[in-house]
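The values are calculated or read from the model by the stated rules, or taken from the named source; none is laboratory data. All values derive from a computational prediction rather than experimental measurement. Virtual Cβ from ideal backbone geometry, glycine too; neighbours counted across all protein chains shown. Side chains included, ligands, DNA and RNA excluded: accessible areas come from the protein's heavy atoms. Shrake-Rupley method; radii C 1.70, N 1.55, O 1.52, S 1.80 Å.
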Amino acid sequence: MADSDSKSSDRVKKYRSSRRTFFRQATAATLAVSGAGVFDPFTDSIQTSIYENEIPWYRRITRWGQTNITEKDPPIYDIGWWRNHWKRTGTQGVIINAGGIIAYYPTKIPFHYQAEYLQGRDLFGELCNAAHNDGLVVFARMDSNRAHEDLFKAHPDWFAVDADGKPYRAADLYITCVNSPYYNEHIPSILTEIAVNYHPEGFTDNSWSGLGRDSICYCNNCKKSFREKTGQDIPLEKNWDNPVYKQWIRWNYDRRLEIWDLNNRTTKAAGGLYCIWAGMNSGSVSNQSRSFRDYKEICRRADIIMLDHQSRSDSTGFQGLPDVGKLIHGILGWDKLIPDSMAMYQAGRPTFRLSSKPVHEARMWMIEGFAGGIQPWWHHISAYHEDRRMYQTAEPVYHWYEKNEKYLINRLPVSTVGVVWSQENTDFYGRDQADLLVDSPWNGITQALIRARIPYVPVHADDIEREASGLRLLILPNTGSLTKSQVANIKKFVRSGGSLFATGESSLYDGEGAKLNDYALGDVFGAHITAENKSSFDRTLHSYLRLYPQMRSQVYGPKTGREPAVKGARHPVLTGFELTDILPFGGTLDPLTVDNDSSVIMTFIPEFPIYPPETAWMREPETNIPGLILRTLPNDSRIAFMPADLDRQFARYNLPDHGDLIRNIILWAINSDIPLKVEGPGLIDCNLFHQTGRLILHLTNLTSAGTWRAPVHEYIPVGPFTIKVKLTDDVKGINLSLLVADKNLPAEVSEGWSIFTLNSILNYEVVVLT
């Protein structure tokens with residue numbers, strides 16, 4: 001075990017070194033452009049450029065607020081009351097509706113529609129001035145993808161049309177075309193007018209990317225641009241197997257990046273070097289794909305990500321928000337900020353814009369955001385509410401955040417497990433079933449990790465080589481589409497001693513989503529395709545998996561006359577299943593050829609009737625179709641390939657057998673080399689971070705009656721917990737501070753671990769080890 005601990009320590013050192021290099025290079029690039037100073041988490045100090053001693057506002061403003069103005073608000077907007085609310089909550093920056101679909105100031109831009117009840121009032125100007133007088137920064141909020149009928153009649157060529165030339169509409173508004181002068185001229189003129197007259201610090205935009213992927217625009221602007229870029233006509237229908245349709249997808253992505261760049265050039269030219277345009281982005285990669293928003297390329301350009309991810313879904317839970325935070329930080333950098341629009345109204349299922357979200361639900365969403373490096377941003381719809389409870393929700397959370405901010409930003413995650421993703425996989429493998437083929441397997445793996453209290457980091461498939469040095473295990477959750485370079489870097493990771501856990505159809509498709517004859521990682525999996533794969537994932541079957549060796553004759557149970565000939569100890573991944581020879585599956589599998597040095601631990605039992613009960617017996621109790629294949633390479637790399645899509649099944653049905661098996665496979669693959677061990681009851685989301693001289697552990701108690709069905713009605717305390725944290729060279733682990741309980745705690749240090757006990761956790765605790 002001592003040798004394992006030494007290897008783990010070396011990996012952590014290499015990981016931190018590679019991350020330091022990456023983020024210092026990114027910071028240097030930013031400084032070269034902006035001449036700004038930033039906090040360096042690796043030296044615990046502010047690093048400034050040779051040009052000026054200034055930290056850009058988008059690196060230091062962490063507590064945001066937004067009153068999303070409705071058309072009826074201008075006559076009754078009580079600016080004095082909202083200024084007091086800003087002060088009471090400790091808000092540092094506000095998002096104020098400015099223009100786009102509706103202008104809240106007396107614009108001079110032709111056909112820039114002014115709010116019906118504005119009545120000559122310069123509401124945006126008044127609010128902007130009030131915020132600046134109070135020392136707050138202002139994001140001018142735009143909404144740029146639709147317009148009213150008068151603009152449509154004046155400039156019909158600015159709008160998206162279908163194959164029959166009919167305009168696309170959203171209720172009584174017309175959807176604008178991203179390739180038209182609306183985006184090239186009209187919106188830049190509005191941005192310039194606002195920047196010159198009101199001097200907001202920056203701009204954000206709720207709906208900046210235009211028509212989504214489910215519709216195709218055939219306007220003359222699009223036809224001309226697509227032919228100039230590709231030499232092709234716009235495809236007449238959606239067909240992912242058509243190379244021209246794939247060109248159309250990539251062309252659309254490129255156009256959104258052009259809009260991002262154009263808007264930033266415009267705002268900086270009119271408002272100064274730090275007057276950025278930041279758009280808004282979804283917390284869902286699938287939603288980003290449907291909107292042609294390339295997260296990786298956007299994060300290469302972005303100074304801050306304004307995240308529009310207002311509530312949880314039942315499928316991802318609260319823990320979905322820190323997952324999003326870690327995923328975005330992985331490509332953005334941990335030195336940049338990600339405020340998230342946190343609805344104070346009842347958002348989600350169902351939505352009631354003017355009713356208060358239950359306070360426990362709203363605060364838990366905020367708390368879990370902090371665990372993923374996300375900053376708070378309270379959000380109200382309308383400037384006046386008869387349900388005044390929502391005004392009380394954010395204040396105590398904001399005060400706690402302000403007091404403890406230095407522990408919540410500019411830090412790096414500590415983990416030995418990386419879960420691989422890419423947006424191209426969502427696009428070209430997930431296609432129109434990304435929720436089934438990509439999102440569900442991801443959710444199943446990450447839920448199993450959270451349930452097992454194993455810290456993990458999302459790793460973009462293009463960044464594997466950069467991230468590899470600090471990781472012991474890479475997980476491919478049905479990552480079907482991989483490029484040749486991504487495959488090569490995974491193989492390099494394995495050759496260097498890293499372990500791999502892959503599921504489903506991982507690596508069976510190339511970077512463009514074309515199906516291969518065999519897994520690109522087949523030589524690593526120790527398994528190969530023998531016939532055309534006909535597996536289906538869109539329905540649940542009455543099928544099972546058989547565990548080997550079978551234990552029927554070795555433990556209590558009635559004899560059947562069909563006792564297995566094979567006896568012996570089971571593999572550690574089957575720990576906890578001693579009293580069963582089968583597990584529920586729900587899917588289907590195809591035959592594979594398995595290499596001689598690989599072990600088949602589970603095999604497929606095909607479906608059979610479920611009703612009437614007299615027919616519920618196995619027609620084919622045993623097959624040689626593998627459901628789980630394990631192998632250990634000469635360099636001690638451990639490989640687990642699970643063709644059975646139990647990750648997807650776990651996300652769907654939350655069966656503990658599936659979660660337990662996934663946990664066991666992960667612990668075997670990393671030889672239990674994890675930096676954190678938490679023993680105690682409940683569902684606890686554990687996230688561990690490092691800053692110079694300290695470790696920061698977030699523990700969020702997700703145990704409640706509303707864990708998988710929003711909203712939460714109350715918090716239920718759980719405990720006690722015995723916690724062990726693997727120490728780094730710069731952390732002694734003797735002194736512990738509890739940031740929520742606001743007290744110090746004694747700890748025992750033994751063999752490089754800090755060991756302590758928490759008696760109870762109500763909703764969350766943050767432990768700082770120094």
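Just one residue in the set Lys732, Lys724 is open to solvent by 50 Å² or more (accessible area, probe 1.4 Å), part of a loop (DSSP other than H, G, I, E, B), free of Cβ contacts under 8 Å to residues at least 60 places away in the same chain and among the basic types (Lys, Arg); that residue is Lys732.
The rows are residues; the columns are (1) under 28 Å from Trp617 (Cβ atoms); (2) at pLDDT 95 or above; (3) in contact with a strand residue (DSSP E or B) (Cβ under 8 Å, 6 or more places away or on another chain); (4) part of a helix (DSSP H, G or I).
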| position | (1), (2), (3), (4) |
| --- | --- |
| Val494 | no, yes, yes, yes |
| Glu505 | no, yes, no, no |
| His528 | no, yes, yes, no |
| His542 | yes, yes, no, no |
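Does Gly99 fit the bill of being closer than 28 Å to Gly210 by Cβ, of a type outside the set (Asp, Glu) and open to solvent by 30 Å² or more (accessible area, probe 1.4 Å)?
When the stated conditions are applied, Gly99 does not pass them.
Only strands (runs of 3 or more DSSP E) whose full extent lies in segment 672-719 are considered here, and the ones with at least 3 residues that are over 25 Å from Thr575 (Cβ atoms), touching a Lys or Arg at 6+ places or on another chain (Cβ under 8 Å) and in contact (Cβ under 8 Å) with a residue 24 or more places away in the chain are 684-691.
Any residue at all in segment 374-386 that is free of Cβ contacts under 8 Å to residues at least 60 places away in the same chain and open to solvent by 20 Å² or more (accessible area, probe 1.4 Å)? I'd like the intermediate steps shown before the answer.
Looking only at segment 374-386, we keep the residues that are free of Cβ contacts under 8 Å to residues at least 60 places away in the same chain, and these are 385-386.
Restricting the remaining residues to those that are open to solvent by 20 Å² or more (accessible area, probe 1.4 Å) gives 386.
Yes, segment 374-386 contains at least one residue that is free of Cβ contacts under 8 Å to residues at least 60 places away in the same chain and open to solvent by 20 Å² or more (accessible area, probe 1.4 Å).
Of the candidates Asn489, Asn478, Asn517, the single residue that is touching a Pro at 6+ places or on another chain (Cβ under 9 Å) and either of a type outside the set (Gly, Ala, Ser) or assigned to a strand (DSSP E or B) (or both) is Asn478.
Could you tell me which of the residues Thr70, Thr62 is open to solvent by less than 20 Å² (accessible area, probe 1.4 Å), touching a strand residue (DSSP E or B) at 6+ places or on another chain (Cβ under 9 Å) and either in a loop (DSSP other than H, G, I, E, B) or at pLDDT below 95 (or both)?
Numbers: Thr70 fails: open to solvent by less than 20 Å² (accessible area, probe 1.4 Å).
Criteria check complete, one pass: Thr62.
To keep it simple, each residue is scored yes or no on (1) more than 32 Å from the chain's Cα centre (by Cα); (2) among the polar types (S, T, N, Q); (3) open to solvent by 50 Å² or more (accessible area, probe 1.4 Å).
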{"site": "Thr176", "(1), (2), (3)": "no, yes, no"}
{"site": "Ile194", "(1), (2), (3)": "yes, no, no"}
{"site": "Lys223", "(1), (2), (3)": "yes, no, yes"}
{"site": "Asn252", "(1), (2), (3)": "no, yes, no"}
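Kindly indicate the residue of segment 736-770 that is without any contact (Cβ under 8 Å) to a residue 12 or more places away in the chain and not in a loop (DSSP other than H, G, I, E, B) and also farthest from Ile696 (Cα to Cα) among those meeting that condition. Steps first, answer last, please.
In the first step, residues of segment 736-770 are kept if they are without any contact (Cβ under 8 Å) to a residue 12 or more places away in the chain; the result is 742-744, 746, 748, 750.
If we keep only those that are not in a loop (DSSP other than H, G, I, E, B) as well, we get 743-744, 746, 748, 750.
Numbers: Lys743: 15, Asn744: 14, Pro746: 16, Glu748: 17, Ser750: 19 Å.
Ranking the candidates gives Ser750 first.
Inclusion of Arg169 among residues that are out of contact with any helix residue (DSSP H, G or I) (no Cβ under 7 Å at 6 or more places or on another chain) and surrounded by 15 or more Cβ atoms within 10 Å (Cβ to Cβ) is not warranted. Of all residues in segment 481-492, those that are under 21 Å from Ala434 (Cβ atoms) and crowded, with 22+ Cβ neighbours inside 10 Å total 3. Residues in segment 592-640 that are of a type outside the set (Val, Ile, Thr), open to solvent by 10 Å² or more (accessible area, probe 1.4 Å) and either touching a Cys at 6+ places or on another chain (Cβ under 6 Å) or assigned to a loop (DSSP other than H, G, I, E, B) (or both): 22 in all. Residue pairs whose Cβ atoms lie under 7 Å apart, sitting 6 or more positions apart in sequence or on different chains, and linking a residue in segment 124-135 that is more than 13 Å from Gly93 (Cα to Cα) to a partner that is in a helix (DSSP H, G or I), are Phe124/Tyr198; Gly125/Tyr198; Glu126/Ile79. Taking every residue in segment 137-160 that is under 22 Å from Asn264 (Cβ atoms) and pairing it with any residue that is modelled with pLDDT under 95 and buried (at least 17 other Cβ atoms within 10 Å of the Cβ), at least 6 positions away or on another chain, the pairs with Cβ-Cβ distances below 6 Å are Asp143/Asn206; Asp143/Ser207; Asn145/Ser207.
Select from segment 333-346 the residues that are open to solvent by 10 Å² or more (accessible area, probe 1.4 Å) and within 18 Å of Met280 (Cα to Cα) and list them in ascending order. Matches in segment 333-346: Lys336 only.
What residue, of Asn281, Asn242, is surrounded by 18 or more Cβ atoms within 10 Å (Cβ to Cβ), farther than 20 Å from Asn184 by Cα and either without any contact (Cβ under 8 Å) to a residue 60 or more places away in the chain or β-branched (Val, Ile, Thr) (or both)? Working first, answer last.
Working: Asn242 fails: surrounded by 18 or more Cβ atoms within 10 Å (Cβ to Cβ).
The match here is Asn281.
Consider segment 507-534 and keep the residues that are of a type in the set (Ser, Thr, Tyr) and without any contact (Cβ under 8 Å) to a residue 60 or more places away in the chain. The one that is least open to solvent (accessible area, probe 1.4 Å) is Ser507.
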